[in-house]
Amino acid sequence: MSEMHYRPLGTSGLMVSEVSIGTWAIGGENWGEINDEESIAAIRKAIDVGINFIDTADIYGRGHSEEIVGKAIQGRRQDVIIATKVANRWNDEGERWTDCSYDYILQAVQASLQRLQTDYIDVYLIHRPDPDTPQEETMRALEKLLQDGTVRAVGVSRYNREEIAEAQACLKLHAAQYPLNMLRRREITPILPFCHANNIGMMAYAPLSKGILTGKFSVDTQFPENDLRSHSEDFQGELFAKRLRAVEQLKPIAAKYGKSLAQLAINWNLCQTGVTTALVGVKRPEQVAENAGGAGWAIEPADLDAIERITTGLTDLQ
């Protein structure tokens, strides 16, 4: 396995592993069957192999993901950098809505601290913009948390180009989080140059395109009913078939480096200018070493060009 490397997360002073752990799946919603003990073991395995950055959110499993992370890091808090997110509220009736108001953020961070069993959060992100709350108010809440020492760094997720510029004008951001992979670039393309120019660390998630870029699926793959992929057009019909054919063409490139297709996909994210870390979801310990192998090396420019040719016409079709 390649040695883990670390990169600065913007101007935060935090050095984060090139591969980081995403915990949406372990929240227990939308990704099939989840085993909490396996999830805890996966996070601990990640720490053991040098992955020090763990990303979660209060909405993942309606708090369950944060609780699992909190259990996993007991006795290891000093070894990890934790990012969590706020903006999505929910109630017992299953209703969800966006709230980025000053008062709610200060309330929500306390609930996250309790679930994570920690007295500070390293990176606190606004999960999505709230059209009913002025940006200045949202950023004022983050500034308050920074001043109090409740959080060490702040950022945003899924803001468009105008929204992130407006947020940055109110408060200097340390990090941003957007989806990025060989097949999905739409959201991040207008954002990366801005973040790079303003020294905002980029947490690029979904490098495996919900598993397509692992090479483990076929046109006959069936997903469980409680797996969001069973209802996605990305995993059905001719679009799915075309992308699977492209995946087959990528395999020789991965083999050239002695890497798996998943490791190639993760490293492709890390080769994009402005990306700080590739955020990869895990559910089981055995996935961790595989993901970590995506760091510590680089795809050659000629092979990056070849990947571009193979994926031309297959990106952001939905």
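The values are calculated or read from the model by the stated rules, or taken from the named source; none is laboratory data. Owing to the predicted nature of the structure, the values given are computational and were not obtained by experimental measurement. Glycine gets a Cβ as well: all are built from the backbone with ideal geometry, and neighbour counts include every protein chain shown. SASA here: full protein model, heavy atoms, side chains in, ligands and nucleic acids out. Shrake-Rupley method; radii C 1.70, N 1.55, O 1.52, S 1.80 Å.
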(message) If I filter the stretch 64-73 for residues that are open to solvent by 20 Å² or more (accessible area, probe 1.4 Å), out of contact with any Lys or Arg (no Cβ under 8 Å at 6 or more places or on another chain) and either not in a helix (DSSP H, G or I) or not polar (S, T, N, Q) (or both), do I get at least one hit?
(response) yes
(message) Of the conditions (1) touching an Asp or Glu at 6+ places or on another chain (Cβ under 7 Å); (2) farther than 17 Å from Trp24 by Cα; (3) of a type outside the set (A, V, I, L, M); (4) part of a loop (DSSP other than H, G, I, E, B), Asp58 satisfies every one except a single condition; which number is it?
(response) (2)
(message) Checking Gln78 against (1) modelled with pLDDT under 95; (2) not in a strand (DSSP E or B), only one condition comes out false. Which one?
(response) (1)
(request) Give the stretch 2-25 a look and list any residue that's closer than 16 Å to Val280 by Cα, open to solvent by 30 Å² or more (accessible area, probe 1.4 Å) and part of a loop (DSSP other than H, G, I, E, B), or say none. (result) His5, Trp24
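Is the stretch 300-312 home to any residue that is under 30 Å from Gly27 (Cα atoms), surrounded by fewer than 16 Cβ atoms within 10 Å (Cβ to Cβ) and at pLDDT 90 or above? Walk me through how you get there before you give the answer.
Step one: filter the stretch 300-312 for residues under 30 Å from Gly27 (Cα atoms), giving none.
Scanning the stretch 300-312, I find no residue that is under 30 Å from Gly27 (Cα atoms), surrounded by fewer than 16 Cβ atoms within 10 Å (Cβ to Cβ) and at pLDDT 90 or above, so the answer is no.
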(message) Looking at the stretch 205-224 only, could you name the residues that are assigned to a loop (DSSP other than H, G, I, E, B) and either in contact with a Phe, Trp or Tyr (Cβ under 8 Å, 6 or more places away or on another chain) or not charged (D, E, K, R) (or both)?
(response) Ala206, Pro207, Leu208, Gly215, Phe217, Ser218, Val219, Thr221, Gln222, Phe223, Pro224
(request) Exactly one condition in (1) in contact (Cβ under 8 Å) with a residue 40 or more places away in the chain; (2) surrounded by 13 or more Cβ atoms within 10 Å (Cβ to Cβ); (3) more than 22 Å from the chain's Cα centre (by Cα) is not met by Leu213; state its number. (result) (3)
(request) Report whether or not Ala72 is of a type in the set (A, V, I, L, M) and in contact with a Pro (Cβ under 8 Å, 6 or more places away or on another chain). (result) no
(message) Step by step: first the residues of the stretch 251-263, then only those that are under 23 Å from the mean Cα position of the chain (by Cα) and touching a residue at least 40 places away in the same chain (Cβ under 8 Å), then the one that is nearest to Ala206 (Cα to Cα). Which residue is that?
(response) Ala262
(request) Kindly indicate whether any position in the stretch 161-169 is open to solvent by 40 Å² or more (accessible area, probe 1.4 Å) and of a type in the set (Gly, Ala, Ser). (result) yes
(message) Going residue by residue through the stretch 26-49, is there one that turns out to be assigned to a loop (DSSP other than H, G, I, E, B) and closer than 22 Å to Ala153 by Cα?
(response) no
(message) Going through Phe194, Phe223 one at a time, which residue ends up being under 26 Å from Arg152 (Cα atoms) and either of a type outside the set (Ser, Thr, Tyr) or open to solvent by less than 10 Å² (accessible area, probe 1.4 Å) (or both)?
(response) Phe194
(message) Criterion first (at pLDDT below 95, touching a strand residue (DSSP E or B) at 6+ places or on another chain (Cβ under 7 Å) and under 22 Å from Leu279 (Cβ atoms)) does Arg89 satisfy it?
(response) no
(request) Determine which member of the set Gly274, Gly281, Gly296 is touching a His at 6+ places or on another chain (Cβ under 6 Å) and over 22 Å from Pro190 (Cα atoms). (result) Gly296
(request) Scan the stretch 159-204 residue by residue and report those that are touching a residue at least 60 places away in the same chain (Cβ under 8 Å), out of contact with any Leu (no Cβ under 7 Å at 6 or more places or on another chain) and in a strand (DSSP E or B). (result) Arg184
